[in-house]
Amino acid sequence: MMTDLRIVKTRKAIREAFLRLRASGVPVSKVKVKDICDLALVNPSTFYKHYLDVYDLNDKLEDETIDAMLEHYPAKDKILSDPLAFLNGWRPDVDSQIDDLRILFGDRPEVMFRKIESMLVERYSAHAANERERIAAVFSIAGTLHSLGLLKLEGGQSDDEIIAAVAENLNAIAAQIPDGR
């Protein structure tokens, strides 16, 4: 079923207005529905037909941005079968959404990683052949994201060195799972 074009345009206008306000430095807690509606040229009642409040809009935009990043990510299913491809594939996909990611998550990278982790875990858990594979996938996803974050914060290593170190550990985990998955 196709969504009504008016709904698509309205949501797009609201999204762009919200992102414009956030990009100008307004924290989520200070964004007002009235300001969004003024920029988007919609009535507040229209806003509330689509979102509960500003926080609901923010949460949905975070999820949509991560979904868009993962949707076009060709190596999203390779965390265990080809960890290096999985890790190297992130750069272009993150870069394609980097402006929105920075606006939405700003100084909350842990929230972004948690949401990415949750979406990947849900995806892998649904395709796991058995409980052992599901546990390995969950551990790999959480460990990968956590390791990338820690190594990046520690500094002193290039992105390529960080990716190589994490991929080596993922390969060791994958070797413990039947069928190399």
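The values are calculated or read from the model by the stated rules, or taken from the named source; none is laboratory data. Fair warning: this is a prediction, and the values are worked out from it, not measured in the lab. Cβ placement follows ideal geometry from the backbone for every residue including glycine, while neighbour counts extend to all protein chains displayed. The accessibility values were calculated without ligands, DNA or RNA, using every heavy atom of the protein model including side chains. Shrake-Rupley method; radii C 1.70, N 1.55, O 1.52, S 1.80 Å.
All other residues whose Cβ lies under 12 angstrom from that of Val26 are scored, Lys and Arg at +1 and Asp and Glu at -1, for a net of +3.
Placing +1 on the Cβ of every Lys and Arg and -1 on the Cβ of every Asp and Glu, with nothing else charged, gives the chain a dipole about its Cα centre of roughly 760 debye. Across region 50-62, computed HN-Hα scalar couplings (Karplus, 6.51 cos²θ - 1.76 cosθ + 1.60, θ = phi - 60°) run 9, 9, 6, 6, 5, 5, 5, 4, 4, 4, 5, 5, 4 Hz from first to last residue, x flagging Gly and Pro.
Every helix of 4 or more DSSP H residues in the chain counts as -39500 (n - 2.57), and over all residues that averages to -24000 deg cm²/dmol at 222 nm. Note on the chain: with neighbouring protein chains present and a 1.4 Å probe, carbon and sulfur make up 55 percent of its accessible heavy-atom surface. Rolling a 1.4 Å probe across the protein heavy atoms gives region 63-120 an accessible surface of 51 Å² per residue.
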